[in-house]
Amino acid sequence: MTWYKRLAAETLAPLVDLDADSIEAQLVKPPKPEMGDVGFPCFSLAKSLKKAPPAIAADIAGKIEFPEGGVFSGALAAGPYVNFVLNTPYLAEKTAGLAIQNPESWGRALAGDGKTMVIEYSSPNIAKPLGVHHIRSTMLGAALARIYRARGWKVVEMNFLGDWGTTFGQLMVSYKQKERDNPDQPVDVHSLLQLYVQFHNDAESDASLAGEARNWFRKLEDGDPEATRLWKIFRDESVKDLQKLYTRMNVHFPEDAFKGEAFFTKRMDATIDRLREKNLLQESQGAQVVDLERFGMPPLLVFKSDGASLYATRDLASAEYRHDMYNFDKSLYIVANQQELHFRQVFKTLELMGYDWATRCEHVKFGMLAFGPGVFGETAATGATRKGRVIFLEDVLDRAVEKARELILENARSEEVTANIDALSEQVGVGAVVFSEFSQRRQKDVSFTWDKVLSLHGDSGPYLQYTHARLSSMLRKYGRALPSALPWERITHPVAKDIFVKLSEYQDALAAAERENEPSLVATYLLELAAVFNRIYTDKENFRFITDDEETTAARMGMVEAVRLTLAHGLEILGLAAPEAM
C-alpha cells in the first residue's frame, strides 16, 4: 500500500476502534477525483454503532483535522465513505521532488534487508544458437534479478547450461569425421548445429554411429584428454555466443554464473549417498527412484537401469550446492509451465532429505511464446533441432531491428534521429521484442505479432521509449538546471495530481512484482504512467509546460523530469534502453 494510505489508516484507527492494518485493507479509491483520493467505507461499523453508514461517515469526517501543509488537505463524507483529499504540493514534493533530488536511489528500497536470492534462468542447451523460445526464461529471469536488487536483495544469478549428455558424443563423431578432410575446420555454434544435424542424418543409414557416439561420451565421462578437449571447445564457443546475444538484450551474467550439468555431474555421488542414507532410493524395473506416491506424485527417477543420471539427479546436487555456497533465503527457478511436476518432485525430495530450506525453493512458471501468422513467412517445426528447423533468437532480433529502422525513418522529425539510426534501431527493435515478454502475466502464453510489438501507440516497448524520448526532448528545449526547491503549488491542472499519485505508486509496483515474481506488473505500471502523463501533454488548450512565469515553468519541468526518471528506471528494470530522441 502507498505510504499515504497508511497515514489515512492510522488517522482513522482511534476514531473507529479498528486497528490500522484492518482499516488499510479496506481503503479504496473514490470513483471521481472531486470525491477525494482515499476512501474508507463505513458499512462494517453500522451494526456496532447502530447508525446508518452515511451518518457514521459524516461524524468521522467532522472529527478529523489536518495540519496545514501536510499530506492531506482535508477529509469529507461522501455517502457512506470517509474520503481523504491529498495535498497536491506536498504529494509532489514527496514524489517528484524526491526523484529529482535523489535520482540514483529513486525506485530503490531496503525491503530485502540484504537477504540472498539465487535465481536460475535462461539455461539453454549449448552447442547450437539460442532458440527464440529461450527469450521467455532469459528476460523474465533478468527482470526479476533487477527487481530483487532494487528491493534490497543480494542476488546470485545462475545459468544452468545443458552442457552434458550423449549429444556431445554425437558432436564428437561428426567433428572427427569432418576433421579428416579439414583439420582446421572452424568451430562456432552454427557449425556445431550443422554437425548435430549431420550426425542424425548419417545415423539414419548407419546404425553403428549411435554406439560410436555413446563410446565418445563414455570417454568424456572418464576424463579422456581428447574428448575433454573437444567438449571444452564446444562449450567455450557456445558461452561466447551466448554472452554476445545476452549483451544485446541487456542481460549480464557474471562469468561464474555458467554452471551447467557438467559441473554438477561431479557432485552427484555425494547427493546419491545422502539419498541412500535417508533410505529414499528404491529399485523400480532396474532404475533407482524416490517414491512420492503418498504425496500424489509419480516416483522421481534418480538414475536409469544402466546407471545413467538424469536432470533430477543434477537438480538435487545443484540445489545442495546453491544452499551450501550462498545460504539463500530464496531460490527461484525460471522454467516453463511444463516442468511444474518435475520441480514439485525435486523440492519434495529435498524436503524428505531433511533440508528445511527446501520450502524456500520456488518454481517460477511461465507460458509459451507463439507466433502469429506471417511473422516469419512460415512456421518452424517445434522441437525440430535434429532437422535444423528452428527459429533462432538472433534472427528474431535482427528482423525486429530492420522493422524498427523502417518505422523510425517513417516518423523521424529531426536530423538527430536519422544520424543515430543504427543505434536507435537496435534499441527500439530489441526493446520491442524484450517488452513483448511482459505484455501480460508470465503464466499466460504470449502471442507475437509485429504490428503489436513495434507499435508507437498503446501497450508496447516503443511507445514507452517514445514517451521517454519526448520527455527528454522537452527538457533539452527547456535547457536549464532545475532549482533544488520547486514551487509545486504552481501546478494546478487536475491531471497533475494523478501524475503525482501515479509516481507515488512506483514502489508499490516494484513490491508487488517482487512479491508475485511478476515483472509484467512493472510494465503495466509504466504504461499507466505514460498514459496519465500524455493526458496532460495533449491538453494543449489548458496546459503549457513552458510559460511566461519562470517558477511555474520550473515546477512543470520538474514534473517532466520525475516522470522521465521513473520511466528510465522502469525500462532499465525490464531490460530496455531509454532513448533520448526518437
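The values are calculated or read from the model by the stated rules, or taken from the named source; none is laboratory data. Since the structure is predicted, the reported quantities are computational estimates derived from the model, not experimental observations. For neighbour counting, all protein chains shown are included, and Cβ atoms are generated from backbone atoms with ideal geometry for every residue, glycine included. Protein only, heavy atoms only, side chains kept; ligands, DNA and RNA dropped before computing areas. Shrake-Rupley method; radii C 1.70, N 1.55, O 1.52, S 1.80 Å.
Only a single item in (1) at pLDDT below 95; (2) open to solvent by 60 Å² or more (accessible area, probe 1.4 Å) is not met by E93, and it is number (1).
Here the stretch 40-79 is the region considered, the condition is being open to solvent by less than 30 Å² (accessible area, probe 1.4 Å) and part of a loop (DSSP other than H, G, I, E, B), and the residue that is nearest to K29 (Cα to Cα) is C42. Check F264, F253 and return the single one that is of a type in the set (F, W, Y), under 24 Å from A143 (Cα atoms) and touching a residue at least 40 places away in the same chain (Cβ under 8 Å). Selected residue: F253, the only one of F264, F253 that is of a type in the set (F, W, Y), under 24 Å from A143 (Cα atoms) and touching a residue at least 40 places away in the same chain (Cβ under 8 Å).
Anything in the stretch 28-39 that is open to solvent by 50 Å² or more (accessible area, probe 1.4 Å) and among the aliphatic types (A, V, I, L, M)? List them, or say none. Even if it seems obvious, please write down each step before you answer.
Taking the stretch 28-39 as the starting set, the residues that turn out to be open to solvent by 50 Å² or more (accessible area, probe 1.4 Å) are 28-29, 31-35.
Residues satisfying the conditions are V28, M35.
From the list V335, V302, V289, exactly one residue is under 14 Å from M353 (Cβ atoms) and among the β-branched types (V, I, T). Which is it?
Numbers: V335 fails: under 14 Å from M353 (Cβ atoms); V289 fails: under 14 Å from M353 (Cβ atoms).
After ruling out the rest, the residue left standing is V302.
As a summary of the residue check, P225 satisfies the conditions (1) modelled with pLDDT of 95 or more; (2) farther than 23 Å from S123 by Cβ; (3) surrounded by 14 or more Cβ atoms within 10 Å (Cβ to Cβ) except for the one numbered (3). Taking only the stretch 16-40 into account, find how many residues are within 24 Å of F500 (Cα to Cα) and either in contact (Cβ under 8 Å) with a residue 60 or more places away in the chain or of a type outside the set (G, A, S) (or both). Number satisfying all stated conditions: 15.
So that you can scan it fast, the table gives a plain yes or no per residue for (1) part of a helix (DSSP H, G or I); (2) in contact with a helix residue (DSSP H, G or I) (Cβ under 9 Å, 6 or more places away or on another chain); (3) over 29 Å from F366 (Cα atoms):
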{"site": "E402", "(1), (2), (3)": "yes, yes, no"}
{"site": "Q440", "(1), (2), (3)": "no, yes, no"}
{"site": "S455", "(1), (2), (3)": "no, yes, no"}
{"site": "L471", "(1), (2), (3)": "yes, yes, yes"}
{"site": "T492", "(1), (2), (3)": "no, yes, yes"}
{"site": "F500", "(1), (2), (3)": "yes, yes, yes"}
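Just to be sure I understand, how many residues within the stretch 96-108 are open to solvent by less than 50 Å² (accessible area, probe 1.4 Å) and in a helix (DSSP H, G or I)? Full working, then the answer.
Filtering the stretch 96-108 for residues open to solvent by less than 50 Å² (accessible area, probe 1.4 Å) gives 96-97, 99-100, 106-107.
Filter once more, so that each one left must be in a helix (DSSP H, G or I): 96-97, 99-100.
Residues that pass the stated criteria total 4.
Among the residues of the stretch 294-313, is there at least one that is open to solvent by less than 60 Å² (accessible area, probe 1.4 Å) and touching a residue at least 60 places away in the same chain (Cβ under 8 Å)? No, there is no match, as no residue in the stretch 294-313 is open to solvent by less than 60 Å² (accessible area, probe 1.4 Å) and touching a residue at least 60 places away in the same chain (Cβ under 8 Å).
Selection within the stretch 109-125: residues that are modelled with pLDDT of 95 or more, in a loop (DSSP other than H, G, I, E, B) and open to solvent by 10 Å² or more (accessible area, probe 1.4 Å). The member of this set that is nearest to K330 (Cα to Cα) is K115.
Taking the condition of being part of a helix (DSSP H, G or I) and either polar (S, T, N, Q) or open to solvent by 90 Å² or more (accessible area, probe 1.4 Å) (or both), how many residues in the stretch 200-222 meet it?
The first filter runs over the stretch 200-222 and keeps only residues part of a helix (DSSP H, G or I), leaving 200-203, 208-221.
Of the ones still in play, those that are also either polar (S, T, N, Q) or open to solvent by 90 Å² or more (accessible area, probe 1.4 Å) (or both) are 201, 208, 214-215, 218, 221.
Summing the residues that are part of a helix (DSSP H, G or I) and either polar (S, T, N, Q) or open to solvent by 90 Å² or more (accessible area, probe 1.4 Å) (or both) in the stretch 200-222 gives 6.
Looking for something buried (at least 18 other Cβ atoms within 10 Å of the Cβ), out of contact with any Phe, Trp or Tyr (no Cβ under 8 Å at 6 or more places or on another chain) and part of a helix (DSSP H, G or I) - is there at least one such residue anywhere in the stretch 328-345? Yes, some residue in the stretch 328-345 is buried (at least 18 other Cβ atoms within 10 Å of the Cβ), out of contact with any Phe, Trp or Tyr (no Cβ under 8 Å at 6 or more places or on another chain) and part of a helix (DSSP H, G or I). For the stretch 170-191, the set of residues classified as in contact with an Asp or Glu (Cβ under 7 Å, 6 or more places away or on another chain), over 14 Å from R235 (Cα atoms) and outside any helix (DSSP H, G or I) consists of Q185 only. One residue is enough: does the stretch 523-541 have a residue meeting the conditions under 30 Å from I334 (Cα atoms) and among the hydroxyl-bearing types (S, T, Y)? Within the stretch 523-541, one or more residues are under 30 Å from I334 (Cα atoms) and among the hydroxyl-bearing types (S, T, Y). When A143 is tested against (1) in contact with a Leu (Cβ under 6 Å, 6 or more places away or on another chain); (2) at pLDDT 95 or above; (3) more than 30 Å from S504 (Cβ to Cβ); (4) hydrophobic (A, V, I, L, M, F, W, C), exactly one condition is not met: (3). In the set (1) within 28 Å of K115 (Cα to Cα); (2) open to solvent by less than 10 Å² (accessible area, probe 1.4 Å); (3) touching a residue at least 40 places away in the same chain (Cβ under 8 Å), L350 fails one condition alone, (3).
If you go through the stretch 544-560 one residue at a time, how many are in contact (Cβ under 8 Å) with a residue 24 or more places away in the chain and either closer than 9 Å to R490 by Cα or open to solvent by 30 Å² or more (accessible area, probe 1.4 Å) (or both)? Explain how you work it out, then say what you get.
From the stretch 544-560, those in contact (Cβ under 8 Å) with a residue 24 or more places away in the chain are 545-546, 549, 551-560; that's our starting set.
From the residues that got through so far, the ones that are either closer than 9 Å to R490 by Cα or open to solvent by 30 Å² or more (accessible area, probe 1.4 Å) (or both) too are 546, 549, 551-553, 555-556.
Residues meeting the conditions: 7.
Of all residues in the stretch 1-15, those being open to solvent by 20 Å² or more (accessible area, probe 1.4 Å) and in contact (Cβ under 8 Å) with a residue 40 or more places away in the chain number 5.
Taking the conditions (1) under 24 Å from Y90 (Cβ atoms); (2) in a helix (DSSP H, G or I) in turn, A530 satisfies each one other than (1).
Could you list, in sequence order, the residues of the stretch 169-189 that are of a type outside the set (K, R) and loosely packed, with under 14 Cβ neighbours inside 10 Å? The answer is E179, D181, N182, P183, D184, Q185, P186, D188. Taking the condition of being open to solvent by less than 10 Å² (accessible area, probe 1.4 Å) and either part of a loop (DSSP other than H, G, I, E, B) or under 22 Å from N337 (Cα atoms) (or both), how many residues in the stretch 149-161 meet it? Matching residues across the stretch 149-161 total 3.
Answer yes or no as to whether D498 is at negative phi and without any contact (Cβ under 8 Å) to a residue 60 or more places away in the chain. Quick ask: steps written out before the conclusion?
Values: at negative phi: yes; without any contact (Cβ under 8 Å) to a residue 60 or more places away in the chain: no.
Taking the combined requirement at face value, the residue does not satisfy it.
Listed conditions (1) at pLDDT 95 or above; (2) in a strand (DSSP E or B); (3) open to solvent by 30 Å² or more (accessible area, probe 1.4 Å) are all met by A370, apart from (1).
Please work out which residue is most open to solvent (accessible area, probe 1.4 Å), limiting yourself to the stretch 501-527 and to residues that are out of contact with any strand residue (DSSP E or B) (no Cβ under 8 Å at 6 or more places or on another chain) and closer than 16 Å to M559 by Cα. Break it down into steps so the answer makes sense when it comes.
Here is the first cut: in the stretch 501-527, the ones out of contact with any strand residue (DSSP E or B) (no Cβ under 8 Å at 6 or more places or on another chain) are 502-516, 518-527.
From what's left, closer than 16 Å to M559 by Cα: 502-506, 526.
Working: K502: 32, L503: 2, S504: 10, E505: 49, Y506: 3, L526: 0 Å².
Of everything passing the filter in the stretch 501-527, E505 is most open to solvent (accessible area, probe 1.4 Å).
Screening the candidates M325, M268, M297 for the property of being at pLDDT below 95 and either under 28 Å from the mean Cα position of the chain (by Cα) or of a type in the set (A, V, I, L, M, F, W, C) (or both) yields one hit, M268. Just so you know, in the stretch 259-279 the residues that are assigned to a helix (DSSP H, G or I) and open to solvent by 100 Å² or more (accessible area, probe 1.4 Å) include one that is nearest to W164 (Cα to Cα), and it is D269.
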